[in-house]
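One structure below.
What follows is calculated from the coordinates using simple rules that are stated; it is not laboratory data. Given the structure is predicted, the values throughout are model-derived calculations rather than measurements. Cβ coordinates were reconstructed from backbone atoms using ideal geometry, including for glycine residues, and neighbour counts include every protein chain displayed.
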Amino acid sequence: MERGGRERGEGERVDRIVLAGGLRGLRGELWTLAPMPLPPRARPRRLRWGPHFVILCVAIGTLVGNLDQVAGSYQLGYILGTFTSLAQAVALVLALVRPVPAWWLSLLVNMFVAACAAIPTGAGSEPWPWSPPSFVAHAALTLLLALRVTTPAAVVAFAVSVGAPLVLQATIDPGPSDSTVQLSAIVFGAVTVIGTLLRGRREVRSRLVEQETLTAEERARRTLLEERSRIARELHDVVAHHMSVISIQAQVAPHLVKDPPEELKENLAGIRGNAVEALTELRRVLGVLRSEDPEDSESAPQAPLPTLDRLDGLVDNARLAGLTVHREDSGERRPLPPGVDLSAYRIVQEALSNAIRHAPGSTVRIGLAYSGAGLRVRVANTAARTQAPPSPGAGHGLLGMRERTAMLGGDIAAGPLPDGGYEVSAFLPTGSESALRDGESALEDQESTVTVTNGGSQ
């Protein structure tokens, strides 16, 4: 029982803390001078200042209407009537930037006018405590406030706007009058609900926009990772092939020399052992990339990697899809490194796929320019002859091209052409000269290391 009493005491203490925090939050919202400008909306530029113009018109109408009502019907004189009417108009304009102090200013000015009003007995009844101009102005202020504050704060503001006139009506008799309290409660409640709903709708739309942005970023990141995984699988095949060749050559080399020395046999055996070990580790680490399920990696298809030798088949397939394809080769054609050969094929393949999806019936020109520094790949298509159907793709094919080009140290440019077509141009360096320089420098470093080591041993 004592334990249950302690738990109830803890629960009551938590409820009191939550209630106190909520009250402090309401007090902070309804008692602040912080600026709260109108939220931007997606509208044409010529209509962007529409709400400001409407509020300015209401303020001018309130100033003119209140001056006659307060000075004449309520018998407060033109000096006080001008001052209070101007204050009400200023509150409307101020609400565009600082709605909380503007709402308080409007409420206090109208309650002051209602408390000081003296309606003549023989003049007929007058609307009170809200005059028609001040009633419209305060309804606009309540709407502007509900658009910027939370729902509990808007409800409290509505309750104060209705409760203050009720207190005046119960304590003051201004003379023959028609009560506007019931009408104000209906109108103020309606504008509070409208403002709260519009504010909630705006928040939901902003959250949806943020979610769509995050979804698009996640889709682009996932596509990039998938393309990198694909590149890793292809590179795995290239490296595995060369490691296998090294292992076989190291095994065969002793048989090509008559009476090879034991040091040569040991070195070649070490090279073969290191190649086999590296090949095993490479297959263990990168082999899982062949399938989403690592257990199925052994059963995944081991198809040969495409190269530029198979480009004619790719061009034929594009022609069957409705494209007019022209291929132009320049320079002396020579064997390319496997990575360059494969990347060039993939870039042409992706460019043709994009032309089929987005420019059906167009004319495509494929240019391969061989040089000593590398290979220039250019794929350009004209504008579509027929309307392109909706594409179900993710729209991130250029990511793979950039990844492959960056991996080889090349550069790529892609963009629309003046005639409405599209062009992709990539340069893939072969790296032969740089690789030769790196090899020579590595050999020099190795020789210097050996010299220092032998010198130290001597």
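Taking a label point 7 Å from the Cα of Val181 along the Cα→Cβ vector, which residues of the range 87-118 have an amide N closer than 19 Å to it?
Taking a point 7 Å out along Cα→Cβ of Val181, the residues of the range 87-118 whose backbone N falls under 19 Å are 107-118.
Once the piece of chain linking Ala321 and Asp419 is laid out straight, how much longer is it, given 0.36 nm per residue of separation minus the C-alpha distance between them?
Taking 0.36 nm per residue and subtracting the Cα distance, the gain is 33.1 nm.
How many nm is it between the label spots at Glu332 and Met407, if each spot is 7 Å from the Cα in line with the beta carbon?
2.9
Can you give the extra length, in nm with one decimal, that the chain gains between Asn267 and Tyr78 once fully stretched, where that is 0.36 nm per residue apart less the Cα-Cα distance?
Stretched out fully, the Asn267 to Tyr78 stretch lengthens by 56.9 nm.
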